[in-house]
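**Student:** Could you have a look at this structure, given as C-alpha cells, before my questions?
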C-alpha cells in the first residue's frame, strides 16, 4: 500500500474554499482504480491546518495519477498554501490491528535465550 499525505495551512478566510477544492480533488481519486481511501480533515485545534490523505493499492496505481487534471489541481493548492506544505509518500509494507498491543515489544526475543 502507498499513502499520500499532504499537510497544509490555508490562509485565513480561505478554509472553506480550500476544503471544497480538496474534496473536488478527492472525489475522482475515490473512483479511480486502485484507490482504497481518500479523505480531507481539518484540525480541531489549529485553524486553517488541513490534512489530505489518499491510500493506493500499489505505487503504480498512484503514479498513473500524476499527470491527471485532479493531481495538477492538488499541486496548485499546494502552491497557494499559507505555509510551505508537507507532502509524504509512505510505502506501507505491514499493518497490524489491536492484537499488536498484546504481543511482545518490538525487538524482544520470542524464545528461550
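The values are calculated or read from the model by the stated rules, or taken from the named source; none is laboratory data. Keep in mind that what you see is a predicted model, and the values were worked out from it rather than measured. Don't worry about glycine lacking a Cβ; one is built from the backbone with ideal geometry, like all the others, and counts go over all protein chains shown.
**Student:** Listed residues 45, 40; which is modelled with pLDDT of 95 or more and either over 14 Å from residue 5 (Cβ atoms) or in a loop (DSSP other than H, G, I, E, B) (or both)?
**Tutor:** Just one listed residue meets the conditions, 45.
**Student:** Condition test on residue 81, is it in a loop (DSSP other than H, G, I, E, B) and surrounded by 14 or more Cβ atoms within 10 Å (Cβ to Cβ)?
**Tutor:** yes
**Student:** Moving to a separate point now. Any residue that is modelled with pLDDT of 95 or more and either surrounded by 10 or more Cβ atoms within 10 Å (Cβ to Cβ) or under 23 Å from the mean Cα position of the chain (by Cα) (or both) - is there at least one of those in region 101-109?
**Tutor:** No, because not a single residue in region 101-109 is modelled with pLDDT of 95 or more and either surrounded by 10 or more Cβ atoms within 10 Å (Cβ to Cβ) or under 23 Å from the mean Cα position of the chain (by Cα) (or both).
**Student:** Is one or more of the residues making up region 60-76 in contact with a helix residue (DSSP H, G or I) (Cβ under 6 Å, 6 or more places away or on another chain) and under 27 Å from residue 96 (Cβ atoms)?
**Tutor:** For region 60-76, residues in contact with a helix residue (DSSP H, G or I) (Cβ under 6 Å, 6 or more places away or on another chain) and under 27 Å from residue 96 (Cβ atoms): absent.
**Student:** Kindly provide the set of residues from region 30-51 that are more than 20 Å from residue 83 (Cβ to Cβ), touching a residue at least 24 places away in the same chain (Cβ under 8 Å), surrounded by 13 or more Cβ atoms within 10 Å (Cβ to Cβ) and in contact with a helix residue (DSSP H, G or I) (Cβ under 7 Å, 6 or more places away or on another chain), ordered by number.
**Tutor:** If the condition is that a residue be more than 20 Å from residue 83 (Cβ to Cβ), touching a residue at least 24 places away in the same chain (Cβ under 8 Å), surrounded by 13 or more Cβ atoms within 10 Å (Cβ to Cβ) and in contact with a helix residue (DSSP H, G or I) (Cβ under 7 Å, 6 or more places away or on another chain), then 34, 35 are the ones that fit.
**Student:** Report yes if some residue within region 52-75 is touching a strand residue (DSSP E or B) at 6+ places or on another chain (Cβ under 6 Å), in a helix (DSSP H, G or I), modelled with pLDDT of 95 or more and buried (at least 17 other Cβ atoms within 10 Å of the Cβ); otherwise report no.
**Tutor:** yes
**Student:** Quick one: is residue 18 touching a residue at least 40 places away in the same chain (Cβ under 8 Å), surrounded by 12 or more Cβ atoms within 10 Å (Cβ to Cβ), touching a strand residue (DSSP E or B) at 6+ places or on another chain (Cβ under 9 Å) and more than 16 Å from residue 2 (Cβ to Cβ)?
**Tutor:** yes
**Student:** Turning to a different aspect of this structure: Are there any pairs with C-beta distances below 6 angstrom linking a residue in region 67-93 that is closer than 15 Å to residue 22 by Cβ to a residue that is at pLDDT 95 or above and assigned to a loop (DSSP other than H, G, I, E, B), with the two at least 6 apart or on different chains, and if so which?
**Tutor:** The qualifying pairs are 71/65; 78/85.
**Student:** Just name the residue that is farthest from residue 62 (Cα to Cα) out of those in region 2-12 that are at pLDDT 95 or above and surrounded by fewer than 17 Cβ atoms within 10 Å (Cβ to Cβ).
**Tutor:** Selected residue: 5.
**Student:** OK, next. Residue 13 passes all but one of (1) at positive phi; (2) touching a helix residue (DSSP H, G or I) at 6+ places or on another chain (Cβ under 6 Å); which number fails?
**Tutor:** For residue 13, the failing item is (2).
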